[in-house]
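Structure record follows, encoded as structure tokens.
The numbers here are math on the coordinates, done by the rules we state, and not lab data. Note that the structure is predicted; figures quoted are calculated from it, not measured. All Cβ positions, glycine included, derive from the backbone under ideal geometry; neighbour counts span all protein chains shown.
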Amino acid sequence: MATQNPSLSSLEADVLVIGGGSTGAGVARDAALRGFSTILVERRDLADGTTGRFHGLLHSGGRYAVKDPSAARECIAENRILRVTAADCVEDTGGLFVSTPWDDPEYGDQFLEGCRATGVPAEEIPVAEALRREPRVNPGIRRAFLVPDAALDPWKLVWGCARSAEEHGARILPYHRVLDLEVDGERVVGAHVRSERGGEEFRIHATVVINAAGAWAGQIAELAHCTVNVRAGMGLMIAMNHRLVHMCVNRCKRPADGDILLPLRTACVIGTTDVFVPDPDQTEIRQDDIDLLLDEGEKLVPGFRQARALHAWAGVRPLFEDTAKVAETRDVTRSHALLDHSSREGVAGFLTITGGKTTTFRLMAEAAVDAACEQLGGLRPCTTAQVPLAGSESHTLYQISHRLAAREPVPQSEEIICECELITRSGLEDTIKQRDTTSLDDIRRLLRLAMGPCQGGFCIYRAAGILHQGGQVDQAGANQTLLDFLEERWKGVHPILHGDQLRQARLDDWIFQGILDVEHLPV
Amino acid sequence: MSYDTVVVGAGLAGLTAALRLSERGQRVLVVARGVGATHLAPATVDVLGYLGDTQVASPAASVPVLISSSPNHPYAHVPAEQLETSLEWFCTKTAALGYAGNLDENLLLPTALGVPKPSALAPRSMSGGDLRAGGRFVFVGLKGFKDFHPTLIADNLNHARLPNPIEARALELVPPSSRRGDLSGRVIAGGFDTEDLIDWLAGALEDRVDPDERIGVPAVLGLRSGDATWQELEKRLQRKVFEVATLPPSVPGIRLSDVLSSALRTAGARIVLGVRAVGARAKGGRIEAVEVVNATGTVSYPVSSVVLASGGFASGGLELDSFGATRETVFGLPLIGLPNTDRVRFAPHYFDAQPLATAGVATDDQLRPVDASGSPVYENLHAAGAILGGATPWKEKSGTGTSVATGYAAAEAILTPAPTPVSEAVR
Amino acid sequence: MNSLIRDSLDHCVKCTICETYCPVSQVTPLFPGPKYIGPQAERYRGAGPPADSSVDYCSGCGICTQVCPHDVKIAEINSRARAKLWEKRGVPLRNQMIARPTVIGRLGTPVAPLANWALHNRAVRGLVQSVVGIHRDAPMPSFAGRTFQSRARRHRGPAGAPAVVYFHGCGTNYYEPLVGEMVVAVLEHNGFRVIVPPQDCCGLPLQSNGNFPAARTYVRRLVDRLVPHARAGLPIVSNSTSCGLMLKREAHEILGIEDDDLKLVSESMYDLCEFLLHLHDRGELRTDFMSLPMTVPYHAPCQQRGHGIGKPALDLLALVPDLHMIELDVDCCGIAGTYGLKKEKYEISMAVGERLFKEVTATGSDLAACDSETCRWQITHGTGVKSVHPIELLYRAYGLDRRTRAGSVSPELQTARVSG
């Protein structure tokens, strides 16, 4: 709790949102659309927390139909909304639930019944049909069900919300860390913030502060002496080099580890695990979890262990619980929680929206802004279920072939900097300008730079050169950017390095060390 | 068709061994999955660039130090004088490209990032870039060619630690209009082969470069007639011009591979690409035939000797599976440089010492792969190049040097076999 | 097999080696290269319709797969992508036509003189170009007027001799039956009885034009003809390296035919020179060659190199006294089967072949040798130099021209022998 420091400059707003994941970006958008002046702060890059690290499944609700009916209902409703309002972020892959030889085929009946009861459209199809659509799925499956799962691009979604909010007057501030909350009597009046890139500190005064910091919500709430008991459930994900499946494929059983395999842009992802971690910023990847995912993958897709594993990462899911601890975090509810701290702890002007999943982010945001309205002079209607995000106005769903089609009829009519992910020079330069950043990692999140098979082997050099040529960085800056990016990529590669990806990594070593000799750059 | 020796692998080590054997009268078959890493590497012959963190000025002085501290290093198994002999031989075989240099002093050539990198031999189209004497340099980029950033090169060189001061700057030229916006090094080289790009380049440069400036261009100066384009350009500009190696494809590397392959063909050898060596038929500790998979199935080639030059992990000569097991992929040979743990745990920072960095096959002094007791696995199997363990060539800058030296030494061991003691301990 | 081809994209480390060798992307920006179209674009191909029509500029030469050090089935991935593209668009009339050499053959053979006149008449070719899309200058062979099959039916081989089955292909049947006769003569000279089963097209042109269902039908029909002999343990020889490769490998890998009969036929399939060289390795090849004092450039077709058998033609011809073969080291002649016939691809095809044409011409020889018929027609078209199958040199070296009707096929050879 900080006393006000009069020497710091300050910004003013109706609403201050803390946290730049899907929840925070959704809240900022909703508030801005309702005409509230809004500022969002996020200590890292947008969507660099949970939202950017999940597998991208836009739930149909099938996964929760048996265990968590209210979550299932929420999911199918939001699924339908997002397909319209965020069409450009959604690929209509469809979803498949399959009973592998390791699954009880009778669960399929419970599954169908649960879907029926919660309004999730589900249809049993012949196994032969499922295998025709997904030739790599285990031929030993005994039952198969279709549901309207889809694949969501979380970065597009979050940035889409952020841009939409900015169009309505909001200020979105990534790389701004909340150092403290400013409390005046029994009211939170704002935050003391530092720019992580520039170093300057300043204050933001807001009528309502909305804590959308996800797995870190507890840390933020503490700054106002409030308690938000969020457990961080770490989940491991492995991206495989190409789409082994074109649909979101789920095991038809009670939700457990490693039971989903779905497309994530040009890759596909196997997930996930669930391990309680005391600190959401400490997520060390364990070999046992890697093996578990590879083994589960092998059950769904025989030959999985010979397929190329590209990258591994861990995200932390925020699991809110209002009561005493439970042993396995998976059983804690996934539904969201809206906490009004004025009624809970007597601290006004402060709300926390936590828990939940990206699929229901819009709903969570709506609930939070509805509650904030009470302290902002009265309820204004929410329009986020109708107004499309920028880029989704035509309601055309995303196609995986889009980047390929965009290069036709003369694919090499302009320089392609990242060939794996088909990123052109102009696309890269535009993004650098837009983001006003020199961090290749920031650009990576927006464009998928270096996220393909070569993991930057060819494009890192090119991108660093372009940054330098464009004057955004000097020679030392270009070198550092390149080295930082190499280090950053390695983090996700080294835990699953084997087979084809080791072959690639070794070629990349030859390029960076043998040809370019980056180790002896003047730094 | 019967062959004296089958060489597995068409990279620099394989081509070196095959050529040495062929020119001495052997009938040689080279089998390979595909083209070798010559097409990716800068085409200089790097014998030793770094000993730990110290830059090596003289391989002749430093290699013995290296060998005494790393007795498993491939150079440790090359007979002492053969390192030098192999390089001299290499220079005669590649006379068309004018390789020059020696073991006493490394050249210092700029990389495409502007880092001075030591090399023992360089083709004449590249050696003009030697930074040791200092001087003035201008680096030339081509719009549309994304694999060369002259401003960054010049900037980094201006900040580099060098024996004599240099002054570097950059120029960007716009090549004649083409329908392509994205040029690859190979396509540009093809342009020099078939069109008047030399006219354009000479014309574009002559008024923009001072007489005392050396001109660094990306390594794209033609392919089909060796380094004729480079020669022509120097003649017209009356200045030193040098090629700078950049990301793959390596045009100088392709020239090198073409020269060696052509020499092999003239010497009567046969090169078959697109096939896979999968094992051997052996009896009594000798390989009788090499088994190769082609379009129909498996074919057996009876042989007297075999050279395994299949490369390391990058080439598929070694493989690590998802369970943590490493294997040599053609003959299943025993390996050194494997971690003691049952799983391979890579270190969390990119520049840390990493496991498997020195993994590969151990050999005796005839370059024959040996088992844990030091005995040759097969009497007539030799190995060369990146399949050999005991070194981290990309770090110490010794890849091409190892390929030439061990390729040559393996061939020599086949041509003039030393008397073999019953068991040989690995030194 | 579907999976194995697509999944091989996992081995791609973007090394660019395939792009370095692709003869088409070198000469035209319309084709971005095998790495792009193959393992790279394949990651973008979902269940939906194909997005990239530039895949159609792949000539299918297969060099990319041969040079890839990492076992990526690049050409095969491209081939399948093209088939999906044409499946969606519908294969145009022109491609349907040129993809069925047996149909063209059957139509043209009875009216050969007229058909040949038309094919070499500029006005007619101009019309054909605008209506059908076959380039007016594309090298089209002449109908022989009588098929090889019809001659083979009348031929009796030595009874009781060990048998070998001859898969002659459409080129030999309709355009070069004399080559077929030479093949039979050489095999008989070496003590074989040659069985020529009734047979049709192997389906390769249908495959390379993206009509996979029709191609599969053709393959199955042909396999039905050949498999009884394969079951009897007989070797099958082919003098067309592309058709031979189709049965050895491509029908399985590209068309995805998983068939024990096809497998048996594949395992029994030999390229003609491969077969003769095996005989030589066993000491069973007659080496009673006469002197043939000539210098002849030899081009190994892309698909010959795809067999992975080396260059047996050169090893065989090295046995002929005074014959000096020049091994050309150029990758592709450009015709790529039916690719170079197409009006939008003809110029690309000629640009690809230019280096080969130059090297052939530079030898000063009146004759060139090449195992594939379409390549031979392209070489002649690009250089004016007569091109023969290597078997023709062996045939002359054995002196068999003196003993059979096929003697007068190559006046250049006659001249060589006379001048001795």
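Just checking the listed ones, C:R94, C:R225, C:R156: in the Gaussian network model of chain C with Cα springs under 10 Å, the one fluctuating most is C:R156. Around the amide H of A:C418, modelled in the peptide plane, lie the amide H atoms of A:I423, all under 5 Å away and 5 or more residues distant in sequence or on another chain. Calculated mean residue ellipticity at 222 nm for chain B: -8000 deg cm²/dmol, from DSSP H runs with n ≥ 4 weighted as -39500 (n - 2.57), summed, divided by the residue count and rounded to 500. Partners of A:K67 within straight-line reach, counting lysines whose Cα lies under 20 Å from its Cα and excluding those fewer than 8 residues away in the same chain: A:K253, A:K325, A:K357.
Can you compute the charge dipole magnitude of the stretch B:212-257 about its Cα centre, using +1 on each Lys and Arg Cβ and -1 on each Asp and Glu Cβ, nothing else charged? Give it in debye, rounded to the nearest 20. So the magnitude is around 100 debye. FRET efficiency for C:L319 and B:K283, Cβ-Cβ distance as r, R0 = 35 Å, nearest 0.05? Calculated value: 0.70.
Hey, with R₀ at 35 Å, roughly what FRET efficiency would A:D484 and C:E347 work out to, going by the Cβ-Cβ distance, to 0.05? The calculated FRET efficiency here is 0.15.
Distance from the Cα centroid of the stretch A:158-216 to that of the stretch A:54-115 is 34 Å (rounded to whole angstrom). Projected label points at A:F202 and C:A232, each 7 Å from Cα along the beta carbon direction, are separated by 9.2 nanometres. Global dimensions of chain B from alpha-carbon coordinates: Rg and Dmax equal 22.1, 71 Å.
Among B:E81, A:E78, sorting on how many other beta-carbon atoms sit within 10 Å of each Cβ, with the fewest leading, yields B:E81, A:E78. In this structure the amide hydrogen of B:V30, modeled in the peptide plane, comes within under 5 Å of the amide hydrogens of B:V7, B:R270, B:I271, B:V272, none closer than 5 places in sequence on its chain.
Its DSSP H runs of at least 4 residues, each contributing -39,500 (n - 2.57), put the calculated 222 nm mean residue ellipticity of chain C at -12500 deg cm²/dmol, to the nearest 500.
Taking a ≥ b ≥ c as the square roots of the eigenvalues of the alpha carbon gyration tensor, the protein assembly as shown is prolate, as a/c is not under 1.5 and a/b beats b/c.
Round to a whole angstrom and tell me the spacing of the C-alpha centers of the stretch B:237-298 and the stretch B:18-40. That distance is 5 Å. In sequence order, the stretch C:235-246 has phi-based couplings of x, 10, 10, 10, 9, 9, 5, 6, 5, x, 5, 4 Hz under the Karplus curve 6.51 cos²θ - 1.76 cosθ + 1.60, θ = phi - 60°, and Gly or Pro positions carry x. Taking C:G283, C:G145, C:G340 in turn, the Gaussian network model of chain C (Cα-Cα springs below 10 Å) assigns the largest fluctuation to C:G283.
Spacing of the modelled spin labels on B:D104 and A:T431, each 7 Å from Cα toward Cβ, amounts to 5.3 nm. Structural size metrics of the stretch A:357-412, computed from C-alpha coordinates, are Rg and Dmax of 18.3, 57 Å. Extension gain for A:D288-A:T383 works out to 29.6 nm (0.36 nm per residue, less the C-alpha to C-alpha distance).
Rounded to the nearest 500, the 222 nm mean residue ellipticity of chain A from helices alone is -9500 deg cm²/dmol, with -39,500 (n - 2.57) taken per DSSP H run of at least 4 residues. For the stretch B:65-78, 3J(HN,Hα) computed residue by residue from phi via the Karplus equation (6.51, -1.76, 1.60; θ = phi - 60°) reads 5, 4, 5, 5, 8, 10, x, 8, 4, x, 4, 5, 9, 8 Hz, glycine and proline entered as x.
Shielding by partners for peptide A:477-487, expressed as the average number of C-beta atoms from other protein chains within 10 Å of each residue's C-beta, is 2. Cross-link partners for C:K14 among the lysines, with Cα-Cα distance under 23 Å and sequence neighbours closer than 8 places in the same chain left out: A:K491, B:K143, B:K146, B:K395, B:K397, C:K35, C:K73. Run the reach check for C:K88 against aspartates and glutamates, Cα to Cα strictly under 16 Å, same-chain hits fewer than 8 apart removed. What comes back? Within the straight-line cut-off, C:K88 pairs with C:D52, C:D56. For the protein assembly as shown, the antiparallel share of DSSP beta bridges with both residues in that region comes to about 55%. For the stretch C:285-419, what class follows from the C-alpha gyration tensor (a ≥ b ≥ c being the square roots of its eigenvalues): rounded when a/c is under 1.5, otherwise prolate if a/b is larger than b/c, else oblate? Note, shape of the stretch C:285-419 comes out prolate. The long axis of helix C:74-89 is offset from the longest Cα principal axis of chain C by roughly 70 degrees.
In plain terms, the residue of A:E124, A:E200 with the fewest other Cβ atoms within 10 Å comes first and the most crowded comes last, giving A:E200, A:E124. Applying 1/(1 + (r/R0)^6) with R0 = 41 Å to the Cβ-Cβ distance of C:T363 and B:L173 gives a FRET efficiency near 0.60. Within the stretch B:114-204, the GluC sites (Glu not before Pro) that combine a DSSP coil assignment with at most 16 other C-beta atoms in a 10 angstrom radius are B:E195. A prolate overall shape is assigned to the stretch B:17-98, the ratio a/c of its alpha-carbon gyration tensor axes (a ≥ b ≥ c) being 1.5 or greater and a/b exceeding b/c.
With both labels modelled 7 Å from their Cα along Cα-to-Cβ, the A:D104 to A:D281 distance reads 4.4 nm. Shielding of peptide C:44-56 by partners, expressed as the average count of other chain Cβ atoms within 10 Å per residue Cβ, is 6. Note on B:R327, C:R6, C:R154: ascending count of other Cβ atoms within 10 Å places them as C:R154, B:R327, C:R6, the fewest first. Within 10 Å of the Cβ of each residue in B:204-211, the mean number of Cβ atoms contributed by other protein chains is 0. Within chain A, A:C75, A:C89, A:C115, A:C161, A:C226, A:C248, A:C252, A:C268, A:C373, A:C382, A:C420, A:C454 have no other Cys Cβ under 4.7 Å of their Cβ and so lack a disulfide-compatible partner by this rule.
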